[in-house]
Amino acid sequence: METQLTRWQNELHSVEQEVRLDLSKLSAEQFNWRPAEGKWSVAECIDHLALVTGLMLEQAKPVLEKARAAGMTGQGPYRYRMMGGWFVKMMEPGKRPMPSPKNFAPGSNLEQAQVLARYQSVMRDFAETMEASYALPLDQLKARSAAERGGWLKFNIAAWYAASLAHNRRHLAQARRVMDAPGFPR
């Protein structure tokens, strides 16, 4: 029987593979092209995902290590709780635009190989962190947001995992819209 954690791992693998196979084919011009002033390029979408996911992991890993050391155990299905469920839904593609905190802002005129390597490294770390999460009570362990002025915001690790995956779907959809936009270099 496929577990919730296994589904998340499979989804993460699919997302990472899409980035690796589809976006690595873009030229540097295509990768950094913006559809309009103030709109993100494909590069900025991917850089943002690497940055935010990496910061989430920095918050979650110590919580997981502490739970493991304390001998805590648990298994899914995991519940996100009310605010965590709302947060996961808000991260899904097609929801209203959300401004990014300053510390989540991507760089600009980014080197494609560097951005993709960083993204793949962070996603590998995310996959390894999920793998090490088996048998932990992910819906009982809370981690703070890494967002600037967002440290008051805490969700359980299950919600962080699900929200991070939804966030990846959201910005990959945004990157696809950039590639479909009129004027995108061909």
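One table, with the values for the structure above:
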item	result
Selected residue (criterion: surrounded by the fewest Cβ atoms within 10 Å (Cβ to Cβ)) from residues of region 1-15 that are part of a helix (DSSP H, G or I) and β-branched (Val, Ile, Thr)	Thr6
Region 111-139, residues that are buried (at least 21 other Cβ atoms within 10 Å of the Cβ) and small (Gly, Ala, Ser)	Ser133
Entirely in region 69-186, the helices (runs of 4 or more DSSP H) that have 3 or more residues that are under 15 Å from the mean Cα position of the chain (by Cα) and among the polar types (S, T, N, Q)	112-131, 157-180
Test: residue in region 16-27 that is surrounded by fewer than 21 Cβ atoms within 10 Å (Cβ to Cβ) and at positive phi	no
Failed item in (1) more than 30 Å from Pro185 (Cα to Cα); (2) of a type in the set (Asp, Glu); (3) outside any helix (DSSP H, G or I), with Glu65 passing the rest	(3)
Among (1) of a type in the set (Lys, Arg); (2) surrounded by 15 or more Cβ atoms within 10 Å (Cβ to Cβ); (3) in contact with an Asp or Glu (Cβ under 9 Å, 6 or more places away or on another chain) - the single one Lys142 does not satisfy	(3)
Looking only at region 146-155, and only at residues there that are surrounded by 14 or more Cβ atoms within 10 Å (Cβ to Cβ) and in contact with a helix residue (DSSP H, G or I) (Cβ under 7 Å, 6 or more places away or on another chain), the one that is farthest from Thr73 (Cα to Cα)	Ala147
Test: residue in region 41-54 that is outside any helix (DSSP H, G or I), surrounded by 16 or more Cβ atoms within 10 Å (Cβ to Cβ) and in contact with a helix residue (DSSP H, G or I) (Cβ under 9 Å, 6 or more places away or on another chain)	yes
Hits in region 1-32 (condition: acidic (Asp, Glu), closer than 30 Å to Tyr134 by Cα and touching a residue at least 12 places away in the same chain (Cβ under 8 Å))	Glu11, Glu16, Glu18
So Thr53, is it over 18 Å from the mean Cα position of the chain (by Cα), under 18 Å from Ile157 (Cβ atoms) and among the β-branched types (Val, Ile, Thr)	no
Test result for Leu172, surrounded by 13 or more Cβ atoms within 10 Å (Cβ to Cβ) and within 25 Å of Asn32 (Cα to Cα)	yes
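Taken together, the values in this text are just the output of simple stated rules run on the coordinates, not laboratory data. The model shown is predicted, which means the values in this text are computed figures rather than measured ones. No Cβ is skipped: glycine too gets one built from the backbone with ideal geometry, and neighbour counts run over all protein chains shown.
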